[in-house]
Amino acid sequence: MAFKSFERSTLVLGMTVLSTLGVAKTHAQISEVPAAPATAEACVALASNADRLACYDALFKIPEAVKPRIVSEQRAAMEIAPEPENITGKIAQGVSSVFASEGPKISPNLSLMDSRWELSPESKLGTWNIRAYQPVYLMPGFWTTDKNERPSSPNENNTVNADREQNLKSMEAKFQLSLKTKAVENLFGDNGDVWLGYTQSSRWQVYNSEESRPFRETNYEPEASLVFRTNYELLGLNGRLLGLTFNHQSNGRSDPLSRSWNRIMLNVGFERDNFALMLRPWYRLDEDAGDDNNPDIKDYVGRGDLTAFYRWNEHDFSLMLRHSLKGGDDSRGAAQFDWAFPISGKLRGHFQLFDGYGESLIDYNHRATYVGLGVSLMNWY
């Protein structure tokens, strides 16, 4: 009896030890699994750069096991779908292939377009977050080769007479503010966002003490855009964005200095590595002849523009080109080059060179060259 009691005690003790070891091992394995981050804001709060990077990877990286399954399902659906019998069906099939998620593999953490427009599902941050839009800068020095002291227009009510000629200085200051926010996210499934934007640029005659240092010209530019994510290749570039924008631009002044127009813009965005390209053809919404401050503005400012952006190390370069899309004497347009460069720490400089028509609305039909130098607060990307 004593031996059997000892045997049972030994067996119970052994089972207890094994159970304890198993629980400890399970607890150790569980404790080694890092907690999944809930939001991007939680990643921002981490103090360590390594922990923050790992948090972003865990939050935004798509599991590799999921990607092939998604692609294969889409391809299977396309193979099973019958061939369209009419032209309408073929057009619809072509459009759907443009917006499909299949295509070049693009990391939302490295994409310039994603950083600006939150295109990928993994990069979306919700609505009503204030984001940078166009470059934000302050240039204490902004010099022109040709002052426009008598702005004119085909509308007689918007032409300055000789007795009201302005006394301007060639050197002034210029600054620009530009913000946007997403009002609606995923309007169509996981695609289609509505953005609201506002840009304001001012030219300040701060060195003109004779005229009490007036603001020569301020342009106000609110707009609303419907933006879609795309994914296709064209000429070695990734087609990433397609959008439609309603744009209003005015200078908020009374006659004869009032200038304004409304446009519908098509936005087509491409990128590859550190290069981005945005093409924006537009259509001007006509006004009544008597109320049109600048009836010929599209023959000077143009019917579309193209902006190319390139990042090299910590230097950002952009080139804007626009044209009237006419020949001969009606061939007019403008070019603007911007360079944002590091100075010290987060302080960055901004250099701007403009040549052509329409540096501002009041100068829409006035050609001049402008050179500016100052500090950059935010850039395109």
Problem - Cα Rg, Dmax (largest Cα-Cα span) when computed across the stretch 135-245, Å - result: 20.6, 60
Exercise for the section: Can you grab the distance from the C-alpha centre of the stretch 348-381 to the C-alpha centre of the stretch 120-182, Å, no decimals? Expected result: 8
Completion exercise
Taking a ≥ b ≥ c as the square roots of the Cα gyration tensor eigenvalues, with a/c under 1.5 meaning rounded and otherwise prolate when a/b beats b/c or oblate if not, the stretch 231-301 comes out prolate
Practice task
Kindly list the residues of the stretch 299-325 that lie in the label zone of residue 156, defined by a backbone N under 16 Å from the point 7 Å along the Cα-to-C-beta vector.
Solution key: none
Handout entry: Virtual spin-label span in nm between residue 200 and residue 284, 7 Å along Cα→Cβ
Key = 2.6
Exercise for the section: Just subtract the alpha-carbon distance of residue 275 and residue 220 from 0.36 nm times their residue separation and send over the number in nm, one decimal. Expected result: 16.9 nm
Problem - Rounded to whole Hz, the Karplus (6.51, -1.76, 1.60) HN-Hα couplings of the stretch 157-170, x for glycine and proline - result: 5, 10, 10, 7, 6, 4, 6, 10, 4, 7, 9, 10, 9, 6
Handout entry: C-alpha center-to-center spacing [the stretch 214-235, the stretch 262-331] in angstrom
Key = 10
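Where a number appears in this text, it was derived from the coordinates with a stated rule and is not lab data. Keep in mind that what you see is a predicted model, and the values were worked out from it rather than measured. Glycine gets a Cβ as well: all are built from the backbone with ideal geometry, and neighbour counts include every protein chain shown.
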